[in-house]
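The structure appears below as structure tokens.
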């Protein structure tokens with residue numbers, strides 16, 4: 001096991017316990033299945049494709065008041081067996097915002113003299129008022145009335161998860177079809193889902209397929225010599241060969257790998 005990934009998981013769990021948040025609360029807030037939250041804390045990052053795992057880690061970090069960008073960065077470093085650089089980041093200096101003057105007077109202020117008449121002062125005030133009104137009108141028509149700015153909506157990670165989940169569900173509508181068949185494929189197995197589970201299928205040590213089986217769905221797989229399966233929720237999948245149920249089982253949320261050939265199961269881990 002990658003010790004850095006194990007430490008990453010332990011640190012997340014310690015943080016959750018420190019702030020006093022339960023897995024049920026995270027589940028209620030972000031609609032993430034508790035078994036996947038437990039998988040993150042148990043360092044089982046193979047239960048789902050990486051796009052899901054990263055989305056769940058981001059939500060987990062938000063739930064325990066951590067900077068999710070830093071958490072995801074640490075996750076990537078831990079996967080590569082690297083330690084985070086402890087040098088503190090330089091904070092970006094915030095430049096003080098300066099109010100832009102809407103208008104600048106091009107007229108030089110002259111010192112009032114007793115020789116200026118009251119009528120001249122009134123004329124200056126009237127002219128300035130006219131200029132100001134004209135400028136305000138120009139600003140209105142140029143920048144306010146004709147403002148057709150486009151607001152771009154950023155899709156949250158939760159929508160990304162839902163979109164990908166929908167994609168997998170579409171794949172499952174034809175789940176009884178045989179995957180990647182050829183004339184030489186003489187072996188068949190049938191996967192039946194009791195609970196949702198991600199499955200990685202390697203055919204004859206060459207072709208790899210990943211999919212999610214939803215409850216009460218089935219999928220038939222074909223190969224010439226052997227099947228290699230990595231199952232994210234081993235309690236949620238039953239495996240059949242020649243209409244006979246194979247001796248495969250596991251705990252809910254437990255990741256297991258198994259190989260199958262013409263003689264049956266072997267090398268179950």
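The values are calculated or read from the model by the stated rules, or taken from the named source; none is laboratory data. This is a predicted model, so every value here is computed, not measured. Methodologically, a virtual Cβ is constructed for each residue, glycine included, from the backbone with ideal geometry; neighbour enumeration extends over all protein chains shown.
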Tell me, which residue of the stretch 224-253 that is free of Cβ contacts under 8 Å to residues at least 40 places away in the same chain and touching a helix residue (DSSP H, G or I) at 6+ places or on another chain (Cβ under 8 Å) is nearest to residue 208 (Cα to Cα)? 248
Given 184, 165, 222, which one is at negative phi and at pLDDT 90 or above? 222
Being out of contact with any strand residue (DSSP E or B) (no Cβ under 7 Å at 6 or more places or on another chain) and over 22 Å from residue 52 (Cβ atoms) is the requirement here; does residue 263 meet it? yes
Out of (1) in contact with a strand residue (DSSP E or B) (Cβ under 6 Å, 6 or more places away or on another chain); (2) outside any strand (DSSP E or B); (3) buried (at least 16 other Cβ atoms within 10 Å of the Cβ), the one residue 215 does not meet is (3)
Restricted to the stretch 15-38, and to residues that are touching a residue at least 40 places away in the same chain (Cβ under 8 Å) and within 18 Å of residue 213 (Cα to Cα), which residue is surrounded by the fewest Cβ atoms within 10 Å (Cβ to Cβ)? 33
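Would you point out the residue of the stretch 44-54, among those that are modelled with pLDDT of 85 or more and in contact with a helix residue (DSSP H, G or I) (Cβ under 7 Å, 6 or more places away or on another chain), that is nearest to residue 195 (Cα to Cα)?
Looking at residues that are modelled with pLDDT of 85 or more and in contact with a helix residue (DSSP H, G or I) (Cβ under 7 Å, 6 or more places away or on another chain), I get 45.
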Only unsatisfied item for residue 203, checking (1) modelled with pLDDT of 90 or more; (2) at positive phi, is (2)
Having 2 or more residues that are outside the structural domain of residue 253 (by TED's automatic domain parsing) and within 19 Å of residue 255 (Cα to Cα) is the bar; report the helices (runs of 4 or more DSSP H) wholly within the stretch 1-85 that clear it. 3-19, 34-41, 50-63
